[in-house]
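Colleague: After the structure tokens below, expect a handful of questions from me.
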Amino acid sequence: MTIPVRLGLRANAGQFALLVGLNALVGGMVGLERSVLPLVGKEDFGLTSSAAILAFVVAFGAAKAFTNLAAGALAERFGRKRLLVLGWLVALPVPLLIGLAPSWWFIVAANLLLGTNQGLAWSMTVVMKIDLAGPRRRGLALGLNEAAGYLGVAATAFATGALAASYAPRTVVWVGAALIVAAGLLLSVFAVRDTSAHVALEQQSHEEVASKHAGLRGAFTQASVRDPVLRACSQAGLVNNLNDALAWGLAPLYLAAHGASVREIAVVAAAYPVVWGAGQLATGWLSDHTGRKPLIAAGMLVQAAALGLLVAGDGAFQASLVAAVLLGVGTAMVYPTLIAAVSDATQPRDRARVVGVYRFWRDFGFVLGALIAGIGADASSPRTAILIVALLTGASGLLVAATSWQPGSALRPAAAPNR
């Protein structure tokens, strides 16, 4: 029996809920590393350079960024589901590489594969949810998607930090990774359905205008340079992940240097994605009603203030926890709203490519953030590196505020969401 194709969260509740749960597993893969892997580099492998330790973040970010860029074009050609399954297949060696690593560079190699997994699997859950939801509830759909992913990050970040007090940290990471990969692969193969028919249905409600994003090169140029709204979103996404890389790779080392215990580091490492994840349930919905630009600009400024507080608190646990909560609030305001804004400004047929370009720039922020944090910490101090990223984050928010926000030129249907 052929299932009728309809757009909307209610009409696609089963598949949408499945993709929400699946993205929690995708996020969980990253969360396994967030509170303990920098400490593994220092304690298990004797690394003293922050830049060397943060090489795993550089590897992860570079692999994820370039995979995001390719995934959009490949999704149009081969379908969303196939790339989702491929993402989980790529992750299969990750637990083995982490568990048996004889040197830190095996951990770095595992993070190349993890970044590829995230670029394929997370990208496809994002795009498939946009496909299913239609234009009216796009912000809510993305809020649910990102909330699930980052609550998954938070849950495993806290769990690994807590378990690392009793068990070898590397063992906790590879066992958790093996369980998550198995579950994600089985669900993707046997339960997920492709969404190409939903894309075709939504495209029917758009005027047949010449695509500005034809081909990957056209999409890259438009989203990176020519379109002011897409350009603003791309730079904001990149700077957002600058500070995420800092929170992931440098903050645990910064807190440990100021006497924080492994459990305290785990609490701070988990608080940030918990607030980030849960907050997106509200901010994604809110952006459908109040517009994208105010949330993005204000969210970047809140993040900058949070990083300033982290420096002002000088590594104290209470101040660091408040800074993590504020950073989560700011990121929740920005994260789903940026993807929704990119989708607003894009024809359905071009969506996967343009979202892929945006996600390329956003996740390239991991690379730049890790380099700034690592080199800045080695050359001066972690405090200086955090201050640099705080200033960049504030400047990014001001740039969004100064951008003329008229994304309707690429979006023609009568039911376009409020801005």
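The values are calculated or read from the model by the stated rules, or taken from the named source; none is laboratory data. Since the model is a prediction, treat every value here as computed from it, not as a measurement. Counting neighbours? That spans all protein chains shown, and the Cβs are built from the backbone with ideal geometry, glycine included. Side chains included, ligands, DNA and RNA excluded: accessible areas come from the protein's heavy atoms. Shrake-Rupley method; radii C 1.70, N 1.55, O 1.52, S 1.80 Å.
Colleague: In whole angstrom, how far apart do the alpha carbon centroids of the range 5-73 and the range 96-120 sit?
Modeller: The range 5-73 and the range 96-120 have Cα centres separated by 12 Å.
Colleague: Now for a different question. Across the chain, how many lysine pairs, 8 or more positions apart or on different chains, have C-alpha atoms separated by under 22 Å? Please give the number.
Modeller: 4
Colleague: Rounded to a whole number, what % of the accessible area of the range 182-296 do carbon and sulfur atoms account for, probe 1.4 Å?
Modeller: 66 percent
Colleague: In whole angstrom, how far apart do the alpha carbon centroids of the range 250-275 and the range 164-208 sit?
Modeller: The distance from the Cα centre of the range 250-275 to that of the range 164-208 comes to 27 Å.
Colleague: Residue 134's amide H: which non-local residues (gap 5+, or another chain) put their own amide H closer than 5 Å, with H modeled 1.01 Å from N in plane and none for Pro or chain starts?
Modeller: 8
Colleague: Rolling a 1.4 angstrom probe over the protein heavy atoms, how many square angstrom per residue are accessible across the range 250-289? Don't jump to the answer; show the numbers that get you there.
Modeller: Values: 1400 Å² over 40 residues.
Here the per-residue accessible area is 35 Å².
Colleague: So what is the 222 nm mean residue ellipticity for the chain from helices alone, if each DSSP H run of at least 4 adds -39500 (n - 2.57) and you divide by all residues, rounding to the nearest 500 deg cm²/dmol?
Modeller: Numbers: 18 runs with 321 residues, N = 419.
Computed mean residue ellipticity for the chain: -26000 deg cm²/dmol.
Colleague: With charges only on Cβ, +1 for K and R and -1 for D and E, what is the dipole size of the chain about its Cα centre, in debye, rounded to 20?
Modeller: I would put it at about 960 debye.
Colleague: Where in the chain are the DSSP H helices whose C-alpha atoms run 27 Å or more along the long axis and whose mean Kyte hydropathy is at least 0.5? If you can, show how the numbers build up before the last one.
Modeller: Working: long enough: 13-34 (31 Å, 1.12); 55-78 (33 Å, 1.10); 104-133 (42 Å, 1.03); 138-163 (37 Å, 0.93); 169-190 (32 Å, 1.88); 262-290 (41 Å, 0.61); 293-312 (29 Å, 1.74); 317-344 (40 Å, 1.52); 351-379 (41 Å, 0.74); 382-402 (31 Å, 1.73).
For the chain, where a helix must reach 27 Å along its axis and average at least 0.5, the hits are 13-34, 55-78, 104-133, 138-163, 169-190, 262-290, 293-312, 317-344, 351-379, 382-402.
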